[in-house]
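Take a look at the structure set out below.
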Amino acid sequence: MRFSQLISSLEKGNAGLQDHQLGNDPEINNGASLEKATQSQLSFLEKISHLSGQLSTTNAGAVLIPSEDNLKTKAQERGIAWATFTNPRLGFAEALEILNPKTIPNAGVHPSAVIEADVQLEEGVHIGAHVFIDKGSVIKANCVIHPGVVIYEGVVIGEGSELHANSVVHRKSSIGKKCVIHSNAVIGSEGFGFVPTKGGWTKMPQTGVVIIEDLVEIGCSSSIDRPAVGETRIGEGTKIDNLVQIGHGVTIGKGCAMASQVGVAGGAKIGNGVILAGQVGVANRVEVGSGVIASSKCGIHTDIAPGEVISGFPAIPNRLWLRCSATFRRLPEIAKSLKDLNRDASR
Amino acid sequence: MRFSQLISSLEKGNAGLQDHQLGNDPEINNGASLEKATQSQLSFLEKISHLSGQLSTTNAGAVLIPSEDNLKTKAQERGIAWATFTNPRLGFAEALEILNPKTIPNAGVHPSAVIEADVQLEEGVHIGAHVFIDKGSVIKANCVIHPGVVIYEGVVIGEGSELHANSVVHRKSSIGKKCVIHSNAVIGSEGFGFVPTKGGWTKMPQTGVVIIEDLVEIGCSSSIDRPAVGETRIGEGTKIDNLVQIGHGVTIGKGCAMASQVGVAGGAKIGNGVILAGQVGVANRVEVGSGVIASSKCGIHTDIAPGEVISGFPAIPNRLWLRCSATFRRLPEIAKSLKDLNRDASR
Amino acid sequence: MRFSQLISSLEKGNAGLQDHQLGNDPEINNGASLEKATQSQLSFLEKISHLSGQLSTTNAGAVLIPSEDNLKTKAQERGIAWATFTNPRLGFAEALEILNPKTIPNAGVHPSAVIEADVQLEEGVHIGAHVFIDKGSVIKANCVIHPGVVIYEGVVIGEGSELHANSVVHRKSSIGKKCVIHSNAVIGSEGFGFVPTKGGWTKMPQTGVVIIEDLVEIGCSSSIDRPAVGETRIGEGTKIDNLVQIGHGVTIGKGCAMASQVGVAGGAKIGNGVILAGQVGVANRVEVGSGVIASSKCGIHTDIAPGEVISGFPAIPNRLWLRCSATFRRLPEIAKSLKDLNRDASR
């Protein structure tokens, strides 16, 4: 589509379109990075970006930029069509959505799918090949269930949710509206609860449920366990990446983001808007306050107050950790210096 | 069921029922935490628990408690039915089992399942939809194979084992009695063995097998690799959580517990009763003695003597690690103090 | 087969067969470790191996060894047939391949598989039970697609590749020749890209693709994400173990090896021949030079020059890290000693 058409659509978006200059109104068919974009591709730049120099060399046909005079001038000079946004990244996301409209699979149940008794399939639902849905489950309107998905008994999947291939949802789990469960994720599996006895580990029956609120994403091969009693809950709008473990009885607030390979142990409570970077671990029953940011590989063993930025293992304030880590690599010289002082002192 | 009926059943259990007081013999239909329990729910309390204060506020209809006079008195005062146990947590596990009897799927093979030649299905076996079982495999009595499971050639699954949806068992693996393989787990896949050559990584054929003894659980999306030669073995009663990697040729003893995201590299030997907390790593060929406890994120690079409690990376005794970690966060001030001393000394 | 036959075959291999001594030309039916081998089994020994003492006790019928006189003499004395190789480990790999010839499944499409319109299946392709292949995908000659695999729209799978049970390949992914995708791996899933807005996390559409070059292996339950724009690329001959996360837009060079539970965050660039040990993490957009070796649990936050050997978190040179770690465990005594010096100084 022409850049002018794209701009018309973006006017209705949430990215805060401000000013624009159509140039020769290039035909735009997709997005790309500044470095790799061609004449028929759109790119973007954020505020105070280390990539701003690339505006001098990019072959992009059009760019979405923050409202900064030097950027506008540079684009103008190079004959690149441009538009300015309060949030150029969001503008780019909206543009990609427009340029790559999602093809929604047709409603209907593939003949190879197996749907047990008393399953409720609402209108517009797509059930792919080799899907299995057990007794009493409810798939609400416009859900897309990809091939190979297995849904156990008594599950509820909210309106407009998408379950990717070979994911599994265990009995009595409840998934909200517009959720995305990625391939091979497992929702509602038995928590890891055992009682130590003389005869070995005796299983604590896991009779609770998993509740996933609206607009949640669960990444590939991640697992969300159900608890012995009560619930494991993932709050609205929380996004969870691949290979993440959420233990039994965990409560996660709204709008959190958890990167790949994070592990949250049983009974932990995570507030709203918490960001856990890759490979972070949260110990049993720990409480992590709203707005906490934990950097990658951080190990959280004790409660963390809201708003803290933490790092390391055990977790300490990020700024302190940066200084401690810098000193860590000087430990051999510190030990040596101390030895010398002691020798001198004992003379 | 009435609390009195539940007590009658628990008398036959292993939790050491001692004394009890039926109160108004409430109708109990499930378990819950002290905090969340209602009149028709059962809760429990362990010895010297930080939760004991909740006995004053809980709405539970009945509680399982250790034999402590103050707890009995408190329950009595509040009109809560109670029973005392040597192991109240085990009593609670047994109660949950009674209150939530497992529904065992009917024996039979779903018509969509594909069972190849020479497969032996013993009596009472349940084979779910879209299961595939390859040539020569043996599924012993009363196994439950959930939908989407794939079993390669020559596998043996022991009596009463349960394989959850979409798990995969590779060729010649042997799984014992009463095991549980959770969703998307992979048993017996090829070990990660390659020989470096000028032309790149040449595959070392993985001709060995995986042997899983009785009463083992393998968590969701965990993988247990087979070795080049010989076996990978998981000992009786060992419980493995989600997203755990067990490398080729590893031997794990009996009664171990491995939390989520643990990784055990090729050829490691783990004794009996070893506990590895979340995200622990064990290096190639390391030997970890029986009874070792490794706290979360611990990195085990060298052999560990039986009974050690270890932490950190590289792993050191837990008590030492606690002191070292506490000092770590004081490193900047230590460096500063040392600098001052040196300055003073050189005056 | 007789050891003499095996030797004839190995002559054509790449392991550099030098000398050999057939002894009583034993019948050899498989390989085993020196410790466990029996008369009908073959074993091997590498140069300067800590296992060389086992040559005095092994029951192996034949051994593959480096050309060292003491080893030849020892084997001779004990009546063990032997052969010397430049690379005995590679010789053993080739021998295992000969002794355990791969059974290639018959070409054909299982009747339960669902193949959508415009799918191209080339000659010799095997499609297992309950496989699903969506519109426009191309499965090139001699591929083996095991049961339960799901292939989305517009995928290309190169000649001779093998996809193990229940793995999933997302839309427009391209997999090269002779690749192996292990069970439950997910290729080409949506990258974890969201734009923070007042209303929460807005999805950045992931319109890019995953390209996997020839001779790559991807381990069980690993996930390779596609990016917002452009590509995620895994270079020729790179081997990736189980439970590994490769984020959106990552570029990995040729001939790399990544052990289990490694995580590489979005946009990172990994050179050729890089080795990442278990549980290593690489941060967003970091560049790791060719030939870098990172030891287990290493956290890589900044660019690493080619050829570096690194450890720890944050990553520092391995040798330095070993010394720092050794000092770390002495931190309490260092703090004590410093305190004493300060006390003495202030007297």
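Quick notes on this one:
- A:G154 being surrounded by fewer than 20 Cβ atoms within 10 Å (Cβ to Cβ), at pLDDT 95 or above and not in a strand (DSSP E or B): yes
- Close contacts from region C:16-32, counting a first residue that is away from chain B (no Cβ under 14 Å) and a second that is charged (D, E, K, R) and part of a strand (DSSP E or B), with Cβ to Cβ under 7 Å and a gap of 6+ residues or different chains, come to C:D25/C:R2; C:E27/C:R2.
- Just one of the listed residues (C:F328, C:F313) is of a type in the set (A, V, I, L, M, F, W, C), closer than 21 Å to A:C324 by Cα and not assigned by TED's automatic domain parsing to the domain that holds C:Q261, and it is C:F328.
Quick grid of which residues meet (1) within 12 Å of chain B (Cβ to nearest Cβ); (2) surrounded by 24 or more Cβ atoms within 10 Å (Cβ to Cβ); (3) assigned to a strand (DSSP E or B):
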residue	(1), (2), (3)
A:N166	yes, yes, no
A:K178	no, no, no
A:S183	yes, yes, no
A:G188	yes, yes, yes
A:F192	yes, yes, no
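The rows are residues; the columns are (1) closer than 30 Å to A:R2 by Cβ; (2) open to solvent by 10 Å² or more (accessible area, probe 1.4 Å); (3) among the aliphatic types (A, V, I, L, M); (4) in contact with a Ser or Thr (Cβ under 6 Å, 6 or more places away or on another chain).
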site	(1), (2), (3), (4)
A:N106	no, yes, no, no
A:Q120	no, yes, no, no
A:A129	no, no, yes, yes
A:I133	no, no, yes, no
A:S174	no, yes, no, no
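- Residue match in region C:293-303 (condition: away from chain B (no Cβ under 14 Å), open to solvent by 40 Å² or more (accessible area, probe 1.4 Å) and touching a Pro at 6+ places or on another chain (Cβ under 9 Å)): yes
- Count of residues meeting criterion [of a type in the set (G, A, S), more than 30 Å from C:A95 (Cα to Cα) and open to solvent by less than 10 Å² (accessible area, probe 1.4 Å)] in region B:208-245: 4
- Only one of C:D214, C:D241 that is acidic (D, E), facing another protein chain (nearest Cβ under 9 Å) and under 24 Å from C:K177 (Cβ atoms): C:D241
- Residue that is farthest from B:S112 (Cα to Cα), among those in region C:83-93 that are within 8 Å of another protein chain (Cβ to nearest Cβ) and open to solvent by 30 Å² or more (accessible area, probe 1.4 Å): C:N87
- Scanning region B:130-149 for residues that are without any contact (Cβ under 8 Å) to a residue 24 or more places away in the chain, farther than 12 Å from B:H110 by Cα and more than 23 Å from the chain's Cα centre (by Cα) yields B:I133, B:K135, B:G136, B:S137, B:V138, B:I139, B:A141.
- Counting only residues that are in a strand (DSSP E or B) and facing another protein chain (nearest Cβ under 9 Å), region A:121-148 holds 1 of them.
- Hits in region B:94-120 - residues which are more than 28 Å from the chain's Cα centre (by Cα) and either more than 9 Å from every other protein chain (Cβ to nearest Cβ) or of a type outside the set (V, I, T) (or both): B:G108, B:V109, B:H110, B:P111, B:S112, B:A113, B:I115, B:E116, B:A117, B:D118, B:V119, B:Q120
- Contact annotation: residue pairs with Cβ atoms under 6 Å, 6 or more positions apart or on different chains, pairing a residue in region C:59-80 that is assigned by TED's automatic domain parsing to the domain that holds C:L42 with a partner that is among the aliphatic types (A, V, I, L, M) and part of a strand (DSSP E or B), are C:A62/C:L42; C:A62/C:A81; C:L64/C:A83; C:L71/C:I65; C:A75/C:V63; C:I80/C:V63.
- Taken together, B:G281, B:G255 contain a single residue that is under 19 Å from B:G219 (Cβ atoms), surrounded by fewer than 24 Cβ atoms within 10 Å (Cβ to Cβ) and without any contact (Cβ under 8 Å) to a residue 40 or more places away in the chain, which is B:G255.
- Identity of the residue in region B:201-227, in contact with a His (Cβ under 7 Å, 6 or more places away or on another chain) and hydrophobic (A, V, I, L, M, F, W, C), that ends up nearest to C:N87 (Cα to Cα): B:I218
- Of all residues in region B:306-347, exactly one satisfies the criterion of being more than 30 Å from B:G289 (Cβ to Cβ), aliphatic (A, V, I, L, M) and surrounded by fewer than 15 Cβ atoms within 10 Å (Cβ to Cβ), namely B:A345.
- C:E153 being outside the structural domain of C:S49 (by TED's automatic domain parsing), acidic (D, E) and more than 22 Å from C:H182 (Cβ to Cβ): yes
- Where C:T38 falls short, out of the listed (1) β-branched (V, I, T); (2) open to solvent by 60 Å² or more (accessible area, probe 1.4 Å); (3) closer than 30 Å to C:V144 by Cβ: (3)
- Residue match in region C:79-96 (condition: under 30 Å from B:G230 (Cβ atoms) and of a type in the set (D, E)): yes
- Taking every residue in region B:308-325 that is facing another protein chain (nearest Cβ under 9 Å) and pairing it with any residue that is among the hydroxyl-bearing types (S, T, Y), at least 6 positions away or on another chain, the pairs with Cβ-Cβ distances below 7 Å are B:P314/C:S325; B:W321/B:S311.
- Note on region A:259-276: among residues that are closer than 23 Å to C:C298 by Cβ and either surrounded by fewer than 23 Cβ atoms within 10 Å (Cβ to Cβ) or among the polar types (S, T, N, Q) (or both), the one that is farthest from the other protein chains (Cβ to nearest Cβ) is A:I275.
- Candidates C:I65, C:I80, C:I98, filtered to the one that is out of contact with any strand residue (DSSP E or B) (no Cβ under 7 Å at 6 or more places or on another chain), among the aliphatic types (A, V, I, L, M) and either within 30 Å of C:E159 (Cβ to Cβ) or crowded, with 16+ Cβ neighbours inside 10 Å (or both): C:I98
- The selection criterion, being more than 14 Å from chain A (Cβ to nearest Cβ) and either at pLDDT below 95 or assigned to a loop (DSSP other than H, G, I, E, B) (or both), holds for B:K172.
The values are calculated or read from the model by the stated rules, or taken from the named source; none is laboratory data. Quick caveat, the model's predicted, so the values are computed rather than measured. Using ideal geometry, Cβ is built from the backbone for each residue, glycine included, and neighbour counts are taken over all protein chains shown. For accessibility, only protein heavy atoms count, side chains too; no ligands or nucleic acids. Shrake-Rupley method; radii C 1.70, N 1.55, O 1.52, S 1.80 Å.
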